[in-house]
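First comes the structure, then the notes that go with it.
The values are calculated or read from the model by the stated rules, or taken from the named source; none is laboratory data. A quick note: this is a predicted structure, and the numbers were derived from the prediction, not measured. So basically every Cβ, Gly included, is an ideal-geometry build from the backbone, and we count neighbours across all protein chains shown. Calculation scope for accessible area: heavy atoms of the full protein, side chains included, ligands and nucleic acids excluded. Shrake-Rupley method; radii C 1.70, N 1.55, O 1.52, S 1.80 Å.
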Amino acid sequence: MKELLQVNGLVKAFGQAQAVKGISFHIQEGRCTALLGPNGAGKTTTIRMLTGLLKPTAGSIQFHGLRAGEDRRSLLGYLPQSPAFHNWMSGMEYVVYAGRLCGLSPAEAKQRAKELLERVGLAEAAKRRIGGYSGGMKQRLGLAQALVHRPKLLVMDEPVSALDPIGRREVLGLLKELKSETTVLFSTHVLHDAEELCDDVIIIRSGQVALQGALPQIRSEHRRPIIELKLEEHAPSLEWAAGFEQRTSADERLSATIEEIERQGTMLRLTVKDMDKARQALTEELAKEKVRFSRLEAGYSSLEDLFMKVVGE
Amino acid sequence: MSAVKLMTLVRKEWLEQLRSFKLIWIPLVFALLGIMQPLTNYYMPVIIEKAGNMPEGAVIEMPVPSGAEVLAGTLSQFGMIGLLILALAFMGAVSGDRNSGAASLVLVKPVSFLSFILSKWLGMMTLLWGALLIGYAASWYYTWLLFETVDFAPFLLSYVLYGLWFTFILTAVLLFSTLLRSAAGAAFSALGLALLLTALSGIAPKYMGWSPSSLTGFAYEAVQGGFDASASFGWSIGVTILLIAAGIAGSSALLRRQPALD
């Protein structure tokens with residue numbers, strides 16, 4: 001697999017505050033990568049530095065396969081969070097205009113614009129003024145104009161965050177098709193979107209990379225066995241739960257198998273080291289104490305748990 | 001910088017001017033201003049008579065202005081109202097696109113910053129020189145109808161000199177519109193600069209001969225035929241052209257330093 005983009009020690013300071021504190025990552029050709037993080041983590045700042053809209057305070061951004069003297073921007077397609085067009089233009093005019101600015105010939109630009117508008121489902125509205133487009137239509141037009149010159153890397157900033165559920169579905173569907181054709185990097189604060197679309201994730205937190213890698217790999221590396229236990233509203237059972245939580249940290253046999261206990265109301269959530277031993281110990285305990293539970297479930301932690309853990313710290 | 005991309009950007013500016021009707025109403029206003037001056041000059045005695053607040057038996061004697069004087073009057077009308085209208089029409093040239101985010105969509109494409117600024121400037125220039133020509137020619141025609149012919153050469157020379165002064169101020173509008181977020185701030189900074197330079201030229205004409213604002217004086221002289229190319233004429237033209245080039249380069253540098261505001 002070929003490397004397309006290499007980012008090294010990227011820093012951006014606004015006055016005293018550092019929005020991005022030394023981010024390094026690389027993107028492989030043909031992969032779809034999500035820049036994942038909570039609001040204010042520095043996702044947008046990072047993306048704007050990649051597109052050249054913002055000058056990095058320090059660090060380097062390297063594109064492989066860039067000929068000497070070639071503009072980095074000619075390999076990039078960029079879709080901002082809420083793209084602003086000229087409202088007095090029609091959708092068709094705008095995509096042709098974008099194509100011409102990327103160096104396509106008039107005929108080529110027109111041809112591409114037609115194809116892309118068809119592709120993003122705006123063929124009907126192509127001749128209408130952009131001023132009358134809905135949010136979802138503008139986002140799809142944004143995709144069309146970003147793709148007009150067949151960029152090597154499509155960069156998107158929160159492509160679906162500002163959309164209603166229908167617009168979201170439309171755009172996510174399009175992205176699923178597109179990712180097989182080009183390399184994609186997008187930022188999001190919604191884990192679900194990243195899981196649905198991406199091969200790789202880069203989780204960033206307060207301007208730093210907290211975790212990065214291929215999604216299946218991260219999933220298997222950070223997957224922990226857990227047991228969830230739901231109790232009935234029954235005083236002795238609840239008392240047992242409180243006692244069990246305390247005993248776990250003191251008792252050597254229990255703390256060897258159970259790593260962590262979280263108790264929320266009638267829910268107990270056990271992160272365990274050895275599933276078999278923990279299951280054994282717990283069921284014995286439940287039978288002995290006659291605990292009234294309504295549900296007992298053994299499974300694995302989800303990516304969401306990992307995300308919350310990484311981001312929440 | 002590629003000429004094809006620059007032309008694409010300029011064509012977009014023209015289309016915008018057309019769709020926002022600037023391409024129509026600005027030349028119209030200039031034509032109106034141009035026609036008004038000879039008309040009011042011609043009918044002034046009648047207007048004053050009909051105004052009716054003259055004492056009984058007063059005899060109004062007004063010297064009939066020469067054609068050149070009428071045209072000079074037209075230019076000074078353009079210099080006030082025309083300049084105000086142009087500055088207001090273009091005050092958001094860069095800041096508008098930057099504030100809305102439309103500029104960032106263009107500037108992530110392989111387009112040079114200078115092309116972006118130059119396209120705005122060329123868009124302004126075609127409208128400015130066109131509107132000024134239409135207005136001034138209309139005034140010339142009506143002056144010929146109502147007063148006398150003014151030779152073509154002085155007419156043309158005064159047009160070019162006045163146009164150069166306008167070019168200077170509109171370049172300042174462009175620069176301030178790149179520097180400031182506020183469109184109104186850009187218009188008033190540029191108009192303030194125009195006022196300041198004009199006032200300084202009025203107070204100390206001897207020392208301000210090099211200033212772009214003295215071009216207006218040269219234009220009045222040129223149309224009235226009493227023009228002799230003094231040393232300061234060359235200076236003011238040179239300085240003006242230099243400042244215009246510096247304004248464009250400065251705007252481009254400002255844009256490069258911070259392509260997007262949001």
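Of the residues making up segment A:286-295, those that are of a type in the set (A, V, I, L, M) and surrounded by 15 or more Cβ atoms within 10 Å (Cβ to Cβ) are A:286, A:291. When segment B:192-221 is limited to residues that are buried (at least 20 other Cβ atoms within 10 Å of the Cβ) and under 30 Å from residue B:259 (Cβ atoms), the one that is modelled with the highest pLDDT turns out to be B:194. Scan segment B:229-261 residue by residue and report those that are closer than 24 Å to residue B:205 by Cα and within 14 Å of chain A (Cβ to nearest Cβ). The answer is none; no residue qualifies.
Which of the residues spanning segment A:111-137 are assigned to a helix (DSSP H, G or I) and either small (Gly, Ala, Ser) or crowded, with 19+ Cβ neighbours inside 10 Å (or both)?
First pass over segment A:111-137, keeping only residues assigned to a helix (DSSP H, G or I): A:111-119, A:130-132, A:135-137.
Within segment A:111-137, A:112, A:113, A:116, A:117, A:130, A:131, A:132, A:135, A:136, A:137 meet the criteria.
Against the condition in contact (Cβ under 8 Å) with a residue 24 or more places away in the chain, out of contact with any strand residue (DSSP E or B) (no Cβ under 6 Å at 6 or more places or on another chain) and either among the small types (Gly, Ala, Ser) or open to solvent by less than 10 Å² (accessible area, probe 1.4 Å) (or both), how does residue A:13 come out, does it pass? So residue A:13 passes the test. Tell me, please, whether a residue that is farther than 25 Å from residue B:23 by Cα, open to solvent by 30 Å² or more (accessible area, probe 1.4 Å), more than 14 Å from every other protein chain (Cβ to nearest Cβ) and in contact (Cβ under 8 Å) with a residue 24 or more places away in the chain can be found in segment B:108-129. No, that holds for no residue. When segment B:130-174 is filtered for residues that are farther than 25 Å from residue B:185 by Cβ, open to solvent by less than 70 Å² (accessible area, probe 1.4 Å) and of a type in the set (S, T, N, Q), the ones remaining, listed by number, are B:139, B:143, B:158.
Of A:187, A:180, A:206, all but one fail to be of a type in the set (Ser, Thr, Tyr), over 30 Å from residue A:283 (Cβ atoms), in contact (Cβ under 8 Å) with a residue 12 or more places away in the chain and surrounded by fewer than 18 Cβ atoms within 10 Å (Cβ to Cβ); the exception is A:206.
Selection of segment B:1-15 for residues being within 8 Å of another protein chain (Cβ to nearest Cβ) and crowded, with 16+ Cβ neighbours inside 10 Å yields B:5, B:8, B:9, B:12, B:15.
Selection of segment B:159-180 for residues being more than 14 Å from residue B:124 (Cα to Cα) and within 13 Å of the chain's Cα centre (by Cα) yields B:159, B:160, B:161, B:162.
Among the residues in segment B:49-65, are any more than 21 Å from the chain's Cα centre (by Cα), surrounded by 15 or more Cβ atoms within 10 Å (Cβ to Cβ) and modelled with pLDDT under 95?
Applying the first criterion (more than 21 Å from the chain's Cα centre (by Cα)) to segment B:49-65 yields B:49-65.
So of that shortlist, the ones also surrounded by 15 or more Cβ atoms within 10 Å (Cβ to Cβ) come out as B:65.
Filter again for modelled with pLDDT under 95, leaving B:65.
Yes - at least one qualifying residue is present in segment B:49-65.
Tell me the strands (runs of 3 or more DSSP E) entirely within segment A:22-106 that contain at least 3 residues that are more than 7 Å from chain B (Cβ to nearest Cβ) and open to solvent by less than 50 Å² (accessible area, probe 1.4 Å). Break it down stepwise before answering.
Values: elements: A:32-36, A:58-63, A:76-79.
Correct list: A:32-36, A:58-63.
The number of residues in segment A:153-208 being of a type in the set (S, T, N, Q), more than 12 Å from the chain's Cα centre (by Cα) and part of a strand (DSSP E or B) comes to 2.
Scanning segment A:251-266 turns up no residue that is modelled with pLDDT of 85 or more, surrounded by 14 or more Cβ atoms within 10 Å (Cβ to Cβ) and assigned to a helix (DSSP H, G or I).
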